[in-house]
Amino acid sequence: MSGKLYLCATPIGNLEDITFRVVRTLKEVNLIAAEDTRHSIKLLNHFGIKTPMTSYHEHNKIDKAIYLVEKLKEGQDIALITDAGTPGISDPGEVLVKEALKAGIEVTSLPGPCAAITALTISGLSTRRFSFEAFLPSDKKERAKVLDELRNDTRTLILYEAPHRLGKTLKELYEVLGDRRITLVKELTKVHESILQVTIKEAISMVEEKVPKGEYVLIVEGKNPQEIEEEKRERWESFSLEEHMSYYQGKGLNKKEAMKAVAKDRGISKREIYHLLIQEGLQEKE
Ligand code: SAM
């Protein structure tokens, strides 16, 4: 019989945040796959866990996943832990989970700390709808593409960032998103945990004044839907009515449907569009 893969969430700072179930599971499994064994040994020693460990990280994630799946197939139970938080969130856990599921191995997740969710809940920004982008891509082109996709997103945005890149990222966010509200959440669950509710511009000044240190999660307010509507209206107002109608008719809409779409874009009634079209000689009276 195959073994089982347990994703075990571990503390993101405060050791008391580990669950009883995670401690018991880490003691009971045959093997623990850890992102950094030298880092995780401290956690295991603290809780008296003597289970053997093996490394599973970014640089061996593919070959090691195959090896670990073989062990699981042989019947060994394996726990996956990362340096901090929930395995699979912004770490190589995803690869192992995919391989295990592909091999028909049972996978279960033991919930616990996750920096993104913990930061969101205390950000003071909307928690109803959010997007988690983890770290922005380091490749310039990819980064620009992702930022552009986020430009008009009305959901709260969650980002991870290293302190030495915080200033650069804040400046890019300001250029693309404008001066939105942002909450900088630092050192969650640790002695120096802090929450800073500012605007992106204010955050830039603060980072310039004092070099940031510690682990950060950035929570950025989503775009105001009203602003999107206004921008749309401004864009369409630069079109003549004829150009605006042609735009929709070119997309395959019939005249009535195009009138409806144009009226919606311009925030006026279909009847008003009908009269304007008559005035401009683009429509016969019916
Ligand atoms: N798997 C982890 C989780 O569930 O949150 C995230 C791993 S990711 C490689 C590490 C990033 O998470 C850090 O750079 C930081 O942005 C964020 N992070 C982790 N611990 C944190 C803490 N105690 N306070 C603030 N941010 C933290």
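Since every read-out is calculated from the coordinates, none of them should be taken as a lab result. No experiment lies behind these values; they were computed from the predicted model shown. All Cβ positions, even for glycine, are placed from backbone atoms using ideal geometry, and neighbour counts span all protein chains on display.
Quick note on the chain: its Rg to Rh ratio, both from C-alpha atoms and Rh being the Kirkwood radius, is 1.16. Against the longest principal axis of the chain, how steep is helix 166-177, in degrees 0 to 90 to the nearest 10, with axes from Cα atoms? That works out to roughly 30 degrees. Positive-end ranking of Leu166, Leu125, Thr154 along the dipole of the stretch 120-181, with charges on Cβ about the Cα centre, is headed by Leu125.
Summing Cβ point charges (Lys, Arg +1; Asp, Glu -1) relative to the Cα centre of the stretch 4-113 gives a dipole of roughly 280 debye.
Pairs from the table (Lys73/Lys102; Lys42/Lys190; Lys141/Lys168; Lys141/Lys232; Lys27/Lys102) lying more than 19 angstrom apart at Cα are Lys141/Lys232; Lys27/Lys102. Counting only Cβ charges, +1 for Lys and Arg and -1 for Asp and Glu, the dipole size of the stretch 226-279 around its Cα centre is about 420 debye. Near the amide H of Ser131, within less than 5 Å, lie the amide hydrogens of Thr156, Leu157, Ile158, all on another chain or at least 5 residues away, with H placed in the peptide plane.
In the stretch 226-279, Cα pairs under 8 Å separated by at least six residues give a relative contact order of 31 percent. Highest average first, the peptides 227-236, 111-120, 268-277 ordered by how many other beta carbon atoms sit within 10 Å of their residues are 111-120, 268-277, 227-236.
What's the magnitude of the charge dipole for the stretch 63-179 around its Cα centre, counting Lys and Arg as +1 and Asp and Glu as -1 at the beta-carbon? Answer in Debye, nearest 20. Kindly include the intermediate steps, with their values, before the conclusion.
On the way: 16 positive and 19 negative charges, 63 e Å.
Computed about the Cα centre, the dipole is about 300 debye.
Restricting to Cα atoms and excluding each atom paired with itself, what does the Kirkwood estimate give for the stretch 1-93 in Å? Spell out each step's value before the answer.
Values: mean 1/r = 0.0763 Å⁻¹.
Across the stretch 1-93, the inverse of the average 1/r is 13.1 Å.
Give the relative contact order (percent, whole number) for the stretch 116-223; include only Cα pairs under 8 Å separated by 6+ residues.
Worked out over the stretch 116-223, it gives 36 percent.
Over the chain, Cα pairs under 8 Å with separation of 6+ residues give a relative contact order of 16 percent. The angle separating the long axis of helix 61-73 from the principal Cα axis of greatest extent in the chain is about 60 degrees.
Packing, taken as the mean count of other beta carbons within 10 Å per residue, orders the peptides 238-251, 7-20 from highest to lowest as 7-20, 238-251. Against the chain, whose longest principal axis is taken from its Cα atoms, helix 241-250 shows a tilt of about 50°.
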